[in-house]
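The values are calculated or read from the model by the stated rules, or taken from the named source; none is laboratory data. Please read all numbers here as calculations on a predicted model, not as lab measurements. Every residue, glycine as well, gets a Cβ built from its backbone with ideal geometry; the counts of neighbours run over all protein chains shown.
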């Protein structure tokens, strides 16, 4: 499957993190939170009107601001209804 | 309660025997209070220890200094809290690394960074009861062998394993020469994967090769020590997912806020009047409340004292104040024993109790981070992100802890904007109690008008600051904690601690303010000051010139200042203008000192300049509109 952005995933989509298109500061914050290349994530929700994206990673829920979520490249692997 | 000290230096050089280190929200503070016996404020959101706490514990007749560091995800300093932790780490002898047993794989990266420090170290596998409950089994012996440091399962909330933890950490030799080879790079390790069996190494940029290797090792360690039992989706899971969905989450947010306001108001009124009810007949009544105690018990005693002292004497003026129509009026009389006692205890304390009860409930359940997620897009309009709502809500209790809590934000710019907005547009609980109690008599619409004005000011000033404050404004990145049922004893300790702090700090200052006001009136100094400020106050704000007195006293205590409006016979319009101006004009001295300490003198002055402009403009606008 082709690569897409975290923001473009739908609710319940499962994907693998492929790369980050942000700077060093963003990378450090994301890695500290346990988000790195190769991790499998599941998108839980998407707050509309510029709100954050909420992910499940390693059984923890993480909220990521929209701008940052737009810089995370993922590969969709499937969908698991919530 | 034992004496506890909280320190907020940016680069502490303090030495400690044992340092507690771990992610935010893993229970370090609860563990700290279990070890030291000090009652701390712990909450269910990341970053509730914004400064560090110092305490002691005795073991084998030796005394050891223990420090609870602010939560950190890694030792690469990305925010102020982490910088503090890194600094503390340099000067500590031993480390207790607190990890969350329910999410081991998320915590091991920090553990490995800590192991690399080559200090004496023990791991506290905290929340191990919750892990068992969630179906997570961890082989503690194996984990300890793989990491090369002792691992002790603990439950900080109940104290399980705490004694063993302290004994183990103190029994460790002070230096470790080398650590287990388990962490050495290992080329053929299957990747742990929750959803698929794919085990190839992902293609993609490897900017941090060393860290990637560490990650793979972590997965391998976790796979070998942890077994996950299958578990059905529970009601709590459903609720947790629901409250971050756009539609239901919004409904939950609105309901939670409404319920919180209602609960604050009802509890406050109940404590004041001894009865509860929204309309007409009370639903529930007890024979005493704080106000009846003042009116029926204290007043007759004070009236006797008033006769004894004689109404013209100096002592009468200072202790009792002025008699209003031959009687004591607890708001207007303004003596130390009348208004000086009634304002903090009769009017403000009930709302302090109810506010802290509700905010503590919200903190402990884990709802606040979810609210932050919801308000993220609104806060973006102000150059902030959703997490800034937590300091703001804490500022409603008292601006001081609110401004301290801005440490959970990443950059100086965000901290400047949030602190400035708190000091200008967030009235503290003491001031609000007086506004509701005193201005409320003129009609609820007046109170609503004040709140609406402050809210609009908060938003508009934030919007302007977004475009004027230059610099990097990072986005929200937040681990949402699970919902937890608040523990009653923890809640009780927390509310009690906050109330005692209020009584200890507020009452002396209120009494002092009342005394100063009386002395200044006697020496007539206010006339000169009033002449100086008259153009601003009378022309622009439409207030009588005497209202300079409450404005200036507001620098000491805002609640006392509202009480000073009482004898001025203000119109409703003037009461509204006065309350709004009082909320914005100069934060009280305690807030001002914290503002300087936290932002630095230059930024604090900028913040003050913004405040002066805003208060002049908003005061004049209300005068024009109403």
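Here's the yes/no breakdown for (1) more than 14 Å from every other protein chain (Cβ to nearest Cβ); (2) over 25 Å from the mean Cα position of the chain (by Cα):
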{"position": "B:46", "(1), (2)": "no, no"}
{"position": "B:59", "(1), (2)": "yes, yes"}
{"position": "B:69", "(1), (2)": "yes, no"}
{"position": "B:74", "(1), (2)": "no, no"}
{"position": "B:79", "(1), (2)": "no, no"}
{"position": "B:93", "(1), (2)": "yes, yes"}
{"position": "B:124", "(1), (2)": "yes, yes"}
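Please enumerate the residues belonging to the range A:1-12 that are more than 15 Å from residue A:63 (Cα to Cα) and either buried (at least 19 other Cβ atoms within 10 Å of the Cβ) or touching a helix residue (DSSP H, G or I) at 6+ places or on another chain (Cβ under 9 Å) (or both).
A:5 - this is the single residue of the range A:1-12 that is more than 15 Å from residue A:63 (Cα to Cα) and either buried (at least 19 other Cβ atoms within 10 Å of the Cβ) or touching a helix residue (DSSP H, G or I) at 6+ places or on another chain (Cβ under 9 Å) (or both).
Only one of (1) in a helix (DSSP H, G or I); (2) more than 13 Å from every other protein chain (Cβ to nearest Cβ) is not met by residue B:336, so which one is it?
Here residue B:336 meets the rest and fails (1).
I want to confirm something. Restricting to the range A:35-48 and keeping residues that are surrounded by fewer than 23 Cβ atoms within 10 Å (Cβ to Cβ) and within 18 Å of residue B:387 (Cβ to Cβ), which single residue is nearest to the chain's Cα centre (by Cα)?
Ranking the qualifying residues of the range A:35-48, first place goes to A:35.
Within the range B:587-617, track down each residue that is surrounded by 19 or more Cβ atoms within 10 Å (Cβ to Cβ) and assigned to a loop (DSSP other than H, G, I, E, B).
Hits for the range B:587-617 are B:587, B:588.
Which residue out of B:449, B:463, B:438, B:416 is more than 26 Å from residue B:361 (Cβ to Cβ), part of a helix (DSSP H, G or I) and out of contact with any helix residue (DSSP H, G or I) (no Cβ under 9 Å at 6 or more places or on another chain)?
Exactly one of B:449, B:463, B:438, B:416 is more than 26 Å from residue B:361 (Cβ to Cβ), part of a helix (DSSP H, G or I) and out of contact with any helix residue (DSSP H, G or I) (no Cβ under 9 Å at 6 or more places or on another chain), namely B:463.
Can you name the residue in the range B:95-109 that is within 10 Å of another protein chain (Cβ to nearest Cβ) and in contact with a strand residue (DSSP E or B) (Cβ under 7 Å, 6 or more places away or on another chain) and is also nearest to residue A:34 (Cα to Cα) among such residues?
Among them, the one singled out is B:106.
Can you tell me which residue in the range A:49-59 is farthest from residue B:245 (Cα to Cα), limited to those that are at pLDDT below 90 and surrounded by fewer than 22 Cβ atoms within 10 Å (Cβ to Cβ)?
First pass over the range A:49-59, keeping only residues at pLDDT below 90: A:49-51, A:58-59.
Still in the running and surrounded by fewer than 22 Cβ atoms within 10 Å (Cβ to Cβ): A:49-50, A:58-59.
Values: A:49: 13, A:50: 14, A:58: 20, A:59: 17 Å.
Among those that are at pLDDT below 90 and surrounded by fewer than 22 Cβ atoms within 10 Å (Cβ to Cβ), it is A:58.
Going through the range B:232-242 one residue at a time, which ones are assigned to a loop (DSSP other than H, G, I, E, B) and at the interface with another protein chain (Cβ under 10 Å from one of its Cβ atoms)?
Narrowing the range B:232-242 to residues assigned to a loop (DSSP other than H, G, I, E, B): B:232-234.
Matches in the range B:232-242: B:233 only.
Residue B:474 versus (1) under 20 Å from residue B:614 (Cβ atoms); (2) within 14 Å of chain A (Cβ to nearest Cβ): which is the lone unmet condition?
(1)
So for the range B:504-516 (the condition being over 24 Å from residue B:358 (Cβ atoms), touching a strand residue (DSSP E or B) at 6+ places or on another chain (Cβ under 7 Å), in a helix (DSSP H, G or I) and modelled with pLDDT of 85 or more), does at least one residue qualify?
yes
Quick one: is residue A:72 more than 16 Å from residue B:243 (Cβ to Cβ), surrounded by 22 or more Cβ atoms within 10 Å (Cβ to Cβ) and more than 7 Å from chain B (Cβ to nearest Cβ)?
The answer is yes for residue A:72.
Which of the residues that make up the range B:375-391 are in a helix (DSSP H, G or I) and either within 14 Å of chain A (Cβ to nearest Cβ) or surrounded by fewer than 23 Cβ atoms within 10 Å (Cβ to Cβ) (or both)?
Here is the first cut: in the range B:375-391, the ones in a helix (DSSP H, G or I) are B:375-380, B:386-391.
Correct list: B:375, B:376, B:377, B:378, B:379, B:380, B:386, B:387, B:388, B:389, B:390.
Scan the range A:34-41 and tell me whether some residue there is within 11 Å of residue B:480 (Cβ to Cβ) and either more than 7 Å from chain B (Cβ to nearest Cβ) or touching a strand residue (DSSP E or B) at 6+ places or on another chain (Cβ under 8 Å) (or both).
Taking the range A:34-41 and keeping what is within 11 Å of residue B:480 (Cβ to Cβ), we get none.
The answer is no, given that none of the residues of the range A:34-41 is within 11 Å of residue B:480 (Cβ to Cβ) and either more than 7 Å from chain B (Cβ to nearest Cβ) or touching a strand residue (DSSP E or B) at 6+ places or on another chain (Cβ under 8 Å) (or both).
For the range B:66-85, give me each residue that is modelled with pLDDT of 90 or more and surrounded by fewer than 21 Cβ atoms within 10 Å (Cβ to Cβ).
none
Quick one: is residue B:480 closer than 30 Å to residue B:350 by Cβ, in contact (Cβ under 8 Å) with a residue 60 or more places away in the chain, crowded, with 20+ Cβ neighbours inside 10 Å and within 14 Å of chain A (Cβ to nearest Cβ)?
no
Does any residue of the range A:53-69 turn out to be more than 8 Å from chain B (Cβ to nearest Cβ), within 24 Å of residue B:24 (Cα to Cα), in contact with a helix residue (DSSP H, G or I) (Cβ under 6 Å, 6 or more places away or on another chain) and assigned to a helix (DSSP H, G or I)?
Yes, the conditions are met somewhere in the range A:53-69.
Kindly list the number of the only condition in (1) at pLDDT below 90; (2) surrounded by 21 or more Cβ atoms within 10 Å (Cβ to Cβ); (3) within 30 Å of residue B:404 (Cβ to Cβ) that fails for residue B:547.
Of the numbered conditions (1) at pLDDT below 90; (2) surrounded by 21 or more Cβ atoms within 10 Å (Cβ to Cβ); (3) within 30 Å of residue B:404 (Cβ to Cβ), the odd one out for residue B:547 is (3).
As an exercise: evaluate residue B:137 against (1) at pLDDT 90 or above; (2) assigned to a helix (DSSP H, G or I) and give the number of the one condition it does not meet.
Result: residue B:137 fails condition (2) only.
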